[in-house]
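Report on the structure given below.
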Amino acid sequence: MASGSFTSAGIDSRRQRALPVPRANADMKSFTPDSSIASDVIASPNFGDRNNGRVADMILLHYTGMPDVEGAIAQLCTPGTDVSAHYIVLEDGRIVQCVPEAKRAWHAGVSCWAGEEDINSCSIGVEIINRGHDWGYPDFPSRQIAAVIALCRGIMLRRKVPAHRVLAHSDVAPARKKDPGEKFPWHLLANSGVGHWVQPAPIVRGESLKLGSISADVASLQAALAKYGYNIPTHGKFDGPTMEVVTAFQRHFRPARVDGIADHSTISTLHALLTSLPAEATTAVAAR
């Protein structure tokens, strides 16, 4: 199957520029896309089998963090780069599939969620074309977000992914990653049933927990973050790793201010999220 043999709904292919297929990839065996809205297949050689028969029950959203789409596709689809994703969502709304959903793509890196460290084996990786924080971090176009929503809804139905298992790369790797970042409109996804979300509590003046704090309140914060799924020990000291997790939480769930300080808004939003988790999710988290 040649790249470009599928057309995404609502996109006029005559106005699209051809996608850059890496030269080393030209003879790769293609496959039928899992999603009916995937417009193209550019098969990546960078994948393997899911370990221990693990079935994907998570969607992990990334931005590409590169200055152009050509470089991003080359990075994800060229032999030897050791990185890939199942899907790439372009700024114009086109969706490219690079790895079959049944296979293990290499997108999460060193990461952890809810006690699970092999995130690649339990997730579907979606790379969203965006230059990211190091290259100006533009807004995500509405057409692109609509495509992400449609893609994720399909994956959730096919793979029985619960809403609270649609996560950011920064959630599972807070020390290393910022993507897709505070500009990503998680609230719009949640309005369409994709992802877990509550209205963030308003930012008000008051006491807060920050770097250097040592108290039972810090331990309670760490326990609540761990209960939600973040990889964080409960020792009562607001150290560097705790600040990284709080920052990652804010990027996803309280993006109006991302400063790594656990203020009233951050803590209240976290507890509202925990309260609104499905019973089975709360039970599973509490059992860790």
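The values are calculated or read from the model by the stated rules, or taken from the named source; none is laboratory data. None of the values given here were measured: they were computed from a predicted structure. All Cβ positions, even for glycine, are placed from backbone atoms using ideal geometry, and neighbour counts span all protein chains on display. Remember, those area values only see protein heavy atoms, side chains included, never the ligands or the DNA or RNA. Shrake-Rupley method; radii C 1.70, N 1.55, O 1.52, S 1.80 Å.
Between Phe47, Phe31, Phe6, the distinction of being modelled with pLDDT of 75 or more and more than 30 Å from Arg251 (Cα to Cα) belongs to Phe31 only.
Report whether or not Gln75 is touching a Ser or Thr at 6+ places or on another chain (Cβ under 9 Å) and at pLDDT below 95. So Gln75 fails the test.
Selection within the stretch 245-276: residues that are closer than 25 Å to Asp118 by Cα and in contact with a Gly (Cβ under 7 Å, 6 or more places away or on another chain). The member of this set that is surrounded by the fewest Cβ atoms within 10 Å (Cβ to Cβ) is Thr247. Cβ-Cβ distances below 9 Å connect the following pairs, each with a first residue in the stretch 180-206 that is more than 16 Å from His62 (Cα to Cα), a second residue that is open to solvent by less than 40 Å² (accessible area, probe 1.4 Å) and basic (Lys, Arg), and a separation of six or more residues or different chains: His196/Arg165; Pro200/Arg254; Ala201/Arg254; Ile203/Arg254. Restricting attention to the stretch 132-144, the residues that are closer than 19 Å to His252 by Cβ and either open to solvent by less than 10 Å² (accessible area, probe 1.4 Å) or of a type in the set (Phe, Trp, Tyr) (or both) add up to 4.
When the residues of the stretch 107-131 are filtered to those that are open to solvent by 50 Å² or more (accessible area, probe 1.4 Å) and not acidic (Asp, Glu), the one that is farthest from the chain's Cα centre (by Cα) is Gly115.
For the stretch 57-74, a residue qualifies if it is open to solvent by less than 20 Å² (accessible area, probe 1.4 Å) and in contact with a strand residue (DSSP E or B) (Cβ under 6 Å, 6 or more places away or on another chain), and the qualifying residues are Met58, Ile59, Leu60, Leu61, His62. Restrict the check to the stretch 149-172 and report whether at least one residue is without any contact (Cβ under 8 Å) to a residue 60 or more places away in the chain, under 13 Å from the mean Cα position of the chain (by Cα) and either under 21 Å from Gln199 (Cβ atoms) or not assigned by the TED database to the domain that holds Thr269 (or both). The answer is yes; a qualifying residue exists.
Of the residues in the stretch 85-118, how many are of a type in the set (A, V, I, L, M, F, W, C) and in contact with a Cys (Cβ under 7 Å, 6 or more places away or on another chain)?
Residues of the stretch 85-118 of a type in the set (A, V, I, L, M, F, W, C): 85, 88-90, 95-96, 98-99, 102, 105-106, 108, 110, 112-114.
With in contact with a Cys (Cβ under 7 Å, 6 or more places away or on another chain) added as a condition, the list becomes 85, 88, 98.
The number of residues fulfilling the criteria is 3.
Counting only helices (runs of 4 or more DSSP H) that sit completely within the stretch 120-235, those holding 1 or more residues that are acidic (Asp, Glu) correspond to 169-172, 216-228. Annotation: of all residues in the stretch 95-106 being in contact with a helix residue (DSSP H, G or I) (Cβ under 9 Å, 6 or more places away or on another chain) and open to solvent by 10 Å² or more (accessible area, probe 1.4 Å), the one that is nearest to Val69 (Cα to Cα) is Trp106.
Quickly run through the stretch 28-56 and pick out the residues that are farther than 23 Å from Ala150 by Cβ, open to solvent by 30 Å² or more (accessible area, probe 1.4 Å) and in a loop (DSSP other than H, G, I, E, B).
At the first step, the residues of the stretch 28-56 found to be farther than 23 Å from Ala150 by Cβ are 28-29, 45-54.
Then drop every residue that is not open to solvent by 30 Å² or more (accessible area, probe 1.4 Å), which leaves 28-29, 45, 47, 49, 51-54.
Once the filter is applied, which keeps residues that are farther than 23 Å from Ala150 by Cβ, open to solvent by 30 Å² or more (accessible area, probe 1.4 Å) and in a loop (DSSP other than H, G, I, E, B), the stretch 28-56 yields Met28, Lys29, Pro45, Asp49, Arg54.
Residues in the stretch 192-238 that are of a type in the set (A, V, I, L, M, F, W, C) and out of contact with any helix residue (DSSP H, G or I) (no Cβ under 9 Å at 6 or more places or on another chain) were compared, and the one that is surrounded by the fewest Cβ atoms within 10 Å (Cβ to Cβ) is Ala216. Does Ala18 satisfy being under 20 Å from Arg158 (Cβ atoms) and either modelled with pLDDT under 95 or part of a loop (DSSP other than H, G, I, E, B) (or both)? When the stated conditions are applied, Ala18 does not pass them.
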